[in-house]
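Q: To start, I am sharing the structure in question, which I have written as C-alpha cells.
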Amino acid sequence: MMTFQVMNKREFFKCGLTATGTFACSPLMGFSETANEKHWKWSKEGLYWSPTPRGTKCMICPHECVIKEGKSGLCRNRVNQNSILYSIAYGNPCAVHIDPIEKKPLNHFLPGSKIFSIGTAGCNLACMNCQNSSMSQASPRETRNYDLMPDKLIAGTIANNCPSIAYTYSEPISYYEYTFDSAKLAHQAGIKNVLVTAGYINEEPLRNLCKYIDAANVDLKSFSNDIYKRLSAGALEPVLNALKIFAEHGVWLEITNLVIPGWTDHPDMIKRMCDWLAENGLSNAPLHFSRFHPDYKLNQLSSTPIEILTQARDIALSAGIKFVYIGNVPELDAQNTICPTCHEILIERKGYSIFQKNIENGACKKCDEKIAGVWA
C-alpha cells in the first residue's frame with residue numbers, strides 16, 4: 001500500500017490505495033460529526049448568492065433557490081446562516097476512491113489511467129433512477145464524511161500517482177466551492193480536473209469553473225423538457241447551454257445518455273438528441289448510451305433491452321456521431337474505440353481494463369486518422 005502523510009492545523013492522517021482501488025483512510029482521518037454544531041467547521045461562505053427580502057438567493061444553478069434563515073436549498077448543502085449562504089459540503093466528502101478513468105465514463109481522456117475521485121452528499125436534481133440516492137438525496141449532515149480539504153486532496157492525488165481528480169458520485173455543482181477551490185489548486189499543481197456532472201448550472205459560475213476543468217462527462221438525461229422535469233426535477237435548455245460552454249472553453253467533453261424504458265428510449269427523441277449534438281459541433285464528443293438497471297423510485301421497471309441500445313447506437317452513428325459506446329452491457333463488446341475511417345480497433349476494452357492500444361501521437365496506427373481525445 002502506498003501511503004502519504006499530511007499535516008495541517010487540524011490534524012494528521014494517513015491514507016493509501018488498497019488492492020481493490022479503494023482509497024483507505026485510517027481512523028486518524030477524523031470523520032466529521034453530523035447534525036451538531038461541530039459540523040460548521042466544514043462550512044465555507046458560498047459563491048454566487050444575493051440577499052433578498054424573502055431569504056438568500058443562490059445563483060449557482062437554474063433553480064435559484066431563495067433560502068430562508070437556517071434552511072437549506074434543494075441541493076441540501078447550501079445553508080442560510082445570518083443571511084449569508086454557506087456550503088456545508090466544503091472539504092466534507094462522503095465518498096473518496098481511486099477509480100479507473102473509464103468508470104466515469106471517459107474513453108478518450110488519458111485511457112488506462114487512474115483518477116482520484118471524490119463526492120459529497122447532496123445534488124441539485126432529484127432523479128427517480130438515481131443509483132447513488134443515499135448520497136445525492138442526503139445532506140452532508142446525514143452522511144459519514146472524510147475530512148479532506150483541498151490541500152489534502154491534492155496531496156493524496158500526488159502521493160497515489162493519479163494524474164487527475166474526478167468530482168463525481170453525486171453532483172459537483174452542488175458542492176461548487178469545494179470543486180472550484182480544489183480544481184484551481186490542482187491546476188496549479190499540474191493535475192488535471194474532471195467533472196462528472198448533469199450540467200445543471202448557470203452560465204457565469206460554469207464559465208468561471210471551466211478555467212480549471214480539463215474534461216467533463218455530462219449526463220444528458222433526455223431530449224425532452226417535459227421528461228427532464230418529471231424524471232429529474234430539472235430542465236433541458238440549461239444543460240444544452242452548458243454543453244456549448246464546455247466546448248467553447250476547450251474542455252474535453254463526453255456525453256452519457258441513460259436509456260430508460262418508457263422514458264428515454266424513444267427512437268425519435270434519440271435521433272433529435274444526436275442531430276442536435278452533430279449540428280452543434282459535438283460529433284467528435286464520444287456518446288455513451290448506458291443501460292438502465294432498476295433502482296430507487298424506478299425499481300418496478302425492467303432493464304433496457306439490448307436491441308434498444310444497439311438501435312440507439314445505430315441512430316447516433318447515422319447522425320454523424322463518430323464515437324458511440326454502450327455501457328453496462330459487457331457481453332456486447334461495445335466499449336472498444338473504433339477508427340471512424342478504417343474501422344480498426346484502436347483501444348480494446350474488457351470492463352475497465354485495456355488489452356490493446358493502437359493509437360500513436362493521437363492518430364490511428366493503421367491509417368493515420370487523427371482521433372479526437374486527450375491521449376497523453
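Q: Those residues that are in contact with a strand residue (DSSP E or B) (Cβ under 7 Å, 6 or more places away or on another chain) and in a loop (DSSP other than H, G, I, E, B), I need them from the stretch 342-364; list them, please.
A: Cys342, Glu344, Tyr352, Asn358, Gly362
Q: On to the next question. Would a scan of the stretch 169-190 turn up a residue that is touching an Asp or Glu at 6+ places or on another chain (Cβ under 8 Å), modelled with pLDDT of 95 or more, not charged (D, E, K, R) and not in a helix (DSSP H, G or I)?
A: Scanning the stretch 169-190, I find no residue that is touching an Asp or Glu at 6+ places or on another chain (Cβ under 8 Å), modelled with pLDDT of 95 or more, not charged (D, E, K, R) and not in a helix (DSSP H, G or I), so the answer is no.
Q: With Asn257, Asn284, Asn241 as the choices, which residue is of a type in the set (S, T, N, Q) and under 16 Å from the mean Cα position of the chain (by Cα)?
A: Selected residue: Asn257, the only one of Asn257, Asn284, Asn241 that is of a type in the set (S, T, N, Q) and under 16 Å from the mean Cα position of the chain (by Cα).
Q: Looking only at the stretch 80-93, which residues are surrounded by 24 or more Cβ atoms within 10 Å (Cβ to Cβ) and either touching a helix residue (DSSP H, G or I) at 6+ places or on another chain (Cβ under 9 Å) or not hydrophobic (A, V, I, L, M, F, W, C) (or both)?
A: Asn80, Ser87, Ile88, Ala89, Tyr90, Gly91, Asn92, Pro93
Q: Out of Glu279, Glu248, Glu237, I need the residue that is acidic (Asp, Glu) and either buried (at least 17 other Cβ atoms within 10 Å of the Cβ) or closer than 23 Å to Thr337 by Cα (or both). Which one?
A: Glu279
Q: Let me ask something additional. So Lys365 fits all but one of (1) in contact with a Ser or Thr (Cβ under 8 Å, 6 or more places away or on another chain); (2) over 23 Å from Asp219 (Cα atoms); what number is the exception?
A: Checking Lys365 against (1) in contact with a Ser or Thr (Cβ under 8 Å, 6 or more places away or on another chain); (2) over 23 Å from Asp219 (Cα atoms), the one that fails is (1).
Q: Mind listing just one residue for me: the one in the stretch 126-180 that is polar (S, T, N, Q) and within 20 Å of Ile191 (Cα to Cα) and, of those, nearest to the chain's Cα centre (by Cα)?
A: Thr168
Q: Another one. Can you tell me which residue is modelled with the highest pLDDT among those in the stretch 314-330 that are touching a His at 6+ places or on another chain (Cβ under 8 Å) and not in a strand (DSSP E or B)?
A: Result: Phe323.
The values are calculated or read from the model by the stated rules, or taken from the named source; none is laboratory data. Model, not experiment: these values are computed from the prediction. Every residue, glycine as well, gets a Cβ built from its backbone with ideal geometry; the counts of neighbours run over all protein chains shown.
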